[in-house]
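**Q** My questions all concern the structure below.
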Amino acid sequence: MTTDELKQTARTFFDQIWNQRDESAIDRFLVADAAGNDADFGTGREAFRTQWKQWMAAFPDLHFTLHDVIAEGDMVLARWTLTGTHSTAPFLGVAPTGIAISIEGMSLDRIENGMCAQGFDGWDALGLRRQLGLYSGQ
């Protein structure tokens, strides 16, 4: 894939899976045994789907905004902001709070044949917990 194709794959991944809430896009963009570094998302497409459903249930207006997308070789890096309102289902053991969240992060993905084979995410998980009132420490 060209670097432009890799960048478009990342943009389409975030748009279809997260912003359009298209569960079938998970099958189009993640290999069955996709690996990642985020323990919450586990390993593989079905583990990702389980976590995705929890986010969709808790944050019905969840939205990813991509700020930068960089590609080289078979890797693509997307810097993003996730926003949403915790309004319809429990999340991290907390009943809906009505709190609007804004979280920044980056995803570095290895793409094989147009699908994510491996992902490395770095995001402000502590900031999410603070915004939801789960952590008040320094």
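Read-outs: derived from the displayed coordinates by stated rules, not from any lab. For clarity, every value in this text was computed on a predicted model and none was experimentally measured.
**Q** Given a cut-off of under 8 Å on Cα pairs at least six residues apart, what relative contact order in percent is computed for the chain? Present the calculation step by step, with values, prior to reporting the outcome.
**A** Working: 257 pairs, mean separation 31.1, N = 138.
With pairs under 8 Å counted, the relative contact order is 23 percent.
**Q** Hey, another quick one. Quick one: helix 45-58 against the long Cα principal axis of the chain, what's the angle to the nearest 10°, folded into 0 to 90?
**A** The two axes meet at around 40 degrees.
**Q** To continue, here is another question. Round to the nearest 10 and give me the degree value, 0 to 90, for the angle of helix 3-13's Cα axis relative to the longest principal axis of the chain.
**A** In the chain, helix 3-13 runs at an angle near 30 degrees to the longest axis.
**Q** Can you tell me the Rg and Dmax of the chain, counting just the alpha carbons, in angstroms?
**A** 14.9, 45
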